[in-house]
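The values are calculated or read from the model by the stated rules, or taken from the named source; none is laboratory data. Bear in mind the structure is a predicted one, so any value in this text is a computation, not a measurement. Neighbour counts run over all protein chains shown; Cβ positions are idealised from the backbone, glycine included. Note: accessible area is taken over every heavy atom of the protein model, side chains too, but ligands, DNA and RNA are not part of it. Shrake-Rupley method; radii C 1.70, N 1.55, O 1.52, S 1.80 Å.
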Amino acid sequence: MPSHPQPQPKSPEWEVFRGYISTPRLGPYLAATGGNRKQAIQLYHWNIGLSGAVYESLHFFEVVLRNAIDAQLSVWNATQINPSGGMHGRDWLTDPSPLLYKLTQQGKDIREATGRAEKATKRRAAQMGHADILAQMSFGTWRFLLPDKTPGRKLLWKDALADAFPHNARAEDAVTKDVAGIHLLRNRVAHLEPLLKTGAVHVQYQSMRNVLAAIHPLMEQRFISTQRITVHISQRPPGTT
């Protein structure tokens with residue numbers, strides 16, 4: 001006969017905790033601890049710490065990635081002919097070439113980032129510039145500029161974005177796959193979802209290393225020396241699955 005978990009005595013702390021965190025949100029943590037409420041609370045707090053460690057690494061990763069891509073798009077955009085027969089400018093966020101306009105959802109990504117930048121600069125009474133808009137671009141923009149089977153994205157990689165990853169020795173879609181996985185992890189962290197599948201988190205940690213190494217080995221070294229992901233994974237509370 002299979003054994004059944006023994007009923008646990010009522011705990012005032014658990015009742016308050018459950019009341020504010022909610023039973024559905026605590027479900028994965030209870031499942032991972034075999035229904036042990038005390039361990040579920042410990043695991044919940046551990047998950048918050050891991051999310052923080054991942055977010056710190058994502059902060060560094062995203063800034064390096066977007067600046068590497070931005071530098072090459074600025075050079076490439078200035079080589080593109082505009083509808084008047086002249087050349088587009090280096091500022092691809094205010095004067096995007098037709099291909100960049102198309103790949104940013106017909107300019108939607110840029111317009112939304114510009115709107116956010118306008119609000120941010122207005123609050124601090126500053127003049128909006130390229131860097132302000134760039135800082136407001138979503139991670140998804142970078143993910144969907146990288147190559148796949150779409151001819152435009154393959155062309156942009158060949159003519160511009162491959163140079164953002166000068167140390168890449170892998171196939172052209174390897175960076176895309178890595179960034180796509182990191183994008184999914186970023187969304188999980190942003191939506192406060194559990195990161196209990198630590199093997200999957202470690203895969204994306206390695207993906208961040210791969211992409212940073214392809215940009216510049218020194219960026220990967222800095223990332224490794226400051227990240228807390230691997231240490232926090234090793235400190236997972238015992239008795240959890």
Could you say whether any residue in the stretch 85-93 is in contact (Cβ under 8 Å) with a residue 40 or more places away in the chain and open to solvent by less than 50 Å² (accessible area, probe 1.4 Å)?
yes
Of the conditions (1) within 26 Å of L212 (Cα to Cα); (2) among the acidic types (D, E); (3) in a loop (DSSP other than H, G, I, E, B), D95 fails just one. Which one is it?
(1)
Only one of S97, S74, S51 is within 30 Å of S22 (Cβ to Cβ), open to solvent by less than 30 Å² (accessible area, probe 1.4 Å) and of a type in the set (S, T, N, Q); which?
S51
Identify all residues within the stretch 118-139 that are in contact (Cβ under 8 Å) with a residue 24 or more places away in the chain and out of contact with any Lys or Arg (no Cβ under 9 Å at 6 or more places or on another chain); write none if there are none.
S138
Within the stretch 85-103, can you find the residues that are in contact with a Leu (Cβ under 8 Å, 6 or more places away or on another chain) and either within 11 Å of L145 (Cβ to Cβ) or of a type outside the set (A, V, I, L, M, F, W, C) (or both)?
W92, L99, L100, L103
Pairs under 7 Å by beta carbon, first residue of a type in the set (S, T, N, Q) in the stretch 215-239, partner surrounded by 11 or more Cβ atoms within 10 Å (Cβ to Cβ) and modelled with pLDDT of 95 or more, six or more apart or different chains?
Q227/S57; T230/Y205
Identify the residue in the stretch 128-137 that is assigned to a helix (DSSP H, G or I) and not aliphatic (A, V, I, L, M) and, among all such residues, is farthest from D91 (Cα to Cα).
Q136
Restricting to the stretch 9-38, count the residues that are open to solvent by 50 Å² or more (accessible area, probe 1.4 Å) and among the polar types (S, T, N, Q).
2
Test for I81: is it without any contact (Cβ under 8 Å) to a residue 60 or more places away in the chain and within 23 Å of the chain's Cα centre (by Cα)
no
Do we have S57 as out of contact with any strand residue (DSSP E or B) (no Cβ under 7 Å at 6 or more places or on another chain) and closer than 30 Å to A162 by Cα here?
yes
From the set of residues in the stretch 12-49 that are over 21 Å from A190 (Cα atoms) and among the β-branched types (V, I, T), which is modelled with the highest pLDDT?
T33
